[in-house]
Protein chains: 2
Amino acid sequence: METAGKLDRAVGARAMKPQQIREAAARLFLAQGYGAVSMDAVAREAGVSKATIYAHFADKAELFADLVKEECARQWPDTAMLESEPGDLREALMAVGMVYAELLVSPKGVQTFRMVVAESPRFPELGRAFYDGGPRLIRDKLAAYLARAEAQGKLALGDPRLAAQQFLAMLRCEHHLRALTGLDPAPAPAEIARVVAGATDMFLRAYGR
Amino acid sequence: METAGKLDRAVGARAMKPQQIREAAARLFLAQGYGAVSMDAVAREAGVSKATIYAHFADKAELFADLVKEECARQWPDTAMLESEPGDLREALMAVGMVYAELLVSPKGVQTFRMVVAESPRFPELGRAFYDGGPRLIRDKLAAYLARAEAQGKLALGDPRLAAQQFLAMLRCEHHLRALTGLDPAPAPAEIARVVAGATDMFLRAYGR
DNA sequence: GACAAACTAAACCGCCTGGTTTAGATCGTC
DNA sequence: GACGATCTAAACCAGGCGGTTTAGTTTGTC
C-alpha cells in the first residue's frame, strides 16, 4: 500500500532503532549470558531509552530468544562445496573441515554455543534452532555428498550418515572443548589445520579405496 | 534402641549440615544454573536456615564453584582397563568407549558440562578443573595405552595422542550434542552402543593391522 | 503550523536478591 | 546443670531487577 510505503520510508531513520537494539543486545547477551545482562544495560549499550526497547520487544525473554535464534541462523557457513559433484575427495573434506572447525572455535561460534547449551533448559526453542540450522544441516549435506562419492566408487562406507557424523565429530575436537571452557580462547589456525588434516587422513584411510 | 537412634540422628544432624547444604545446592545449581538459584532456595531445599549456610560458606560464588569442582572430580569414571597391558584391542576400545559415551549423555554429565561451559567466563577455575580432571585425563591414558599397543605391533599410528583425540571425539557425537541442547535428554543405550561400535570399527580400520 | 508517531530521560513500582543480624532454642560436654 | 557451640526463624538492609508511566521533545507529512 502506498501510504504504508511512504510511512515506512519516512520513519526509515527511526526504524533503525530496533536494529540498534538487536545489535547491542546481541553483543551483551552473547558475551555475558541471559541472567547477567540487565535491560538497563541493553538500553545504555544501544544508546536508546528503555521505553523504546519495550516498544519493540515484548519482554527480556523474547528479545534474548529472538537474538540467539537469529545468530544460529546467520552464522552458518557456506557449504556450497558439498552441493557439486564429488571431485577430489581429500580436497573437499579438507575444505569443509576447515570451515566447520574454524567456526567451532571462533568467538561468535563459541559464544552462541555457550548460550544455547546454557539456556536451552529454559528456552527449548534455542536447542531446536541451533541443531536444525547447524549440525544437522551440515551432517545431512555431508552424508549426501559421501553417498554420491560412494556411488562413484570412491568410498566404501557402511552407513554414509554415520560416516559423516564421525568426520564432523572429529572436528569438534579438544580445541573446541578448550575454547568452550575458556582455556584456550583462540587456538592457532595451524593447530586447527593439523586436526582437520588428521581427520581427513583417518577418514580416507578407513573408508577410501 | 530408641535412645541410640535419637542420639545417632542428633549427632549426625549436626555433623551432616554442611553435607546437606552441599547436596541440596548441587541439586539446584546443576539443574537450574548459577543465576537462577537463590540462596533462600538452597536453604529451603537443604532444610536449613540461611544463616547456617553462611556459617559454612563465604558466599554464593564460593558455594557454587566448590560444588561444580567437586562434581567434576567425582563423576569421572573408572578407566582401569587402560592401565593394564593391551589385550584385545577391540574389546578395550569398546569398553572405554561405552563408559565415556554413556557418561557424556547421562543427566549428571550433561548438567555438569552445561554448568562448566555456561559459567567458565565468570569462573575460569571451573574450566580448568573440568578439562584437567576429565577429557585431558582420559585422553592421556588412552594415548599411552595406544602407544603401548603400537609398540606391540598391534597398531600403526602416526601420533598416538592425535589418534586418542580422534577416537574420543567420535564418542562426543551427535547424541551428546542433542542431550546438551535438550533435544534428546536420554538417548537409548542401544543407540550409544551403535556409535561406540562405529567409532571402534573405524578406528581399527584406519589404524589397525 | 498543526499533528501523529517515535522517541527521550527519569521517576516510579513491587519484588526479589545476596547477605547480616537478631534473639532465642537445642545440643554434647564437662 | 551450666557452658559454648551450633543451630533456628524471622526481621532487616541496601540495591538491582523487569517493567510501566509520565511528561516532554524531535521528526516527517500534510
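We did not get these values from a lab; they are worked out from the coordinates using the rules stated. This structure is a prediction, so every number in the text was calculated from the model and none was measured. Using ideal geometry, Cβ is built from the backbone for each residue, glycine included, and neighbour counts are taken over all protein chains shown.
With a simple spin-label model that places each label point 7 Å from the Cα along the Cα-to-Cβ direction, the separation between B:K50 and B:Q19 comes to 2.7 nm. The share of C-alpha pairs in chain A whose separation exceeds 23 Å stands at 55 percent. Here the simple spin-label model places points 7 Å from the Cα toward Cβ, and for B:D59 and B:Q75 these points are separated by 2.7 nm. Starting from a Cα-only point model with no solvent, please compute log10 I(q)/I(0) by Debye for the stretch B:20-99 at q = 0.12, 0.14 1/Å. Once normalised to I(0) and log-transformed, intensities are -0.49, -0.56. Close amide-amide hydrogen proximity is noted between B:L155 and B:E150, each under 5 Å apart and 5 or more residues distant or on a separate chain (H modeled in the peptide plane; Pro and chain starts excluded).
The value obtained for the protein assembly as shown, namely the Cα convex hull volume divided by the number of residues, is 194 Å³ per residue. Summary for B:D132: label point 7 Å along Cα→Cβ; distances to the equivalent points in the other copies, ascending, 4.3 nm. When the protein assembly as shown is described by a simple charge dipole with +1 on each Lys and Arg Cβ and -1 on each Asp and Glu Cβ, the residue from B:Q111, B:G47, B:A26 located farthest towards its positive end is B:G47. Taking a straight line from the alpha carbon of B:K50, these aspartates and glutamates sit under 16 Å away, with near neighbours fewer than eight places off in the same chain left out: B:E23, B:D40, B:D59, B:E62. Close amide H partners of B:D184, meaning residues 5 or more places away or on another chain with modelled amide H under 5 Å apart, are B:A179. Ordering B:H56, A:H176 by the number of other Cβ atoms within 10 Å of each residue's own Cβ, fewest first, gives B:H56, A:H176. Quick one: helix A:89-105 against the long Cα principal axis of chain A, what's the angle to the nearest 10°, folded into 0 to 90? Helix A:89-105 sits at roughly 30 degrees to that axis. Taking chain A as a Gaussian network of alpha-carbon nodes connected by springs under 10 Å, the highest mean-square fluctuation of the residues A:R122, A:R90, A:R148 belongs to A:R122. Using only side-chain charges placed at the Cβ, +1 for Lys and Arg and -1 for Asp and Glu, the dipole size of chain A relative to its Cα centre rounds to 200 debye. Rounded to the nearest 20, the size of the Cβ-charge dipole of the stretch B:61-117 about its Cα centre is 300 debye, with Lys and Arg at +1 and Asp and Glu at -1.
Whole-Hz Karplus values for the stretch B:142-156 come out as 5, 4, 5, 4, 5, 4, 5, 4, 5, 4, 8, x, 8, 9, 10 Hz, taken residue by residue from phi with 6.51 cos²θ - 1.76 cosθ + 1.60 and θ = phi - 60°; glycine and proline positions read x. Taken along the Cα-to-beta-carbon direction at a fixed 7 Å, the label points for B:L137 and A:L204 span 3.8 nm. Taking a ≥ b ≥ c as the square roots of the eigenvalues of the Cα gyration tensor, the stretch A:127-183 is classed as oblate, since a/c reaches at least 1.5 and a/b does not exceed b/c.
Past 31 Å, Cα to Cα, is the threshold; run A:K60/A:K141; A:K154/B:K108; A:K60/B:K60 against it and keep the listed order. Cα-Cα > 31 Å for A:K60/A:K141; A:K154/B:K108; rest within.
Which of these, B:G33, B:G133, B:G158, has the largest mean-square fluctuation under a Gaussian network model of chain B (Cα springs below 10 Å)? Between B:G33, B:G133, B:G158, it is B:G158 that shows the largest mean-square fluctuation. Angle of helix A:124-133 to the longest C-alpha principal axis of chain A, folded into 0 to 90 degrees and rounded to 10: 50°.
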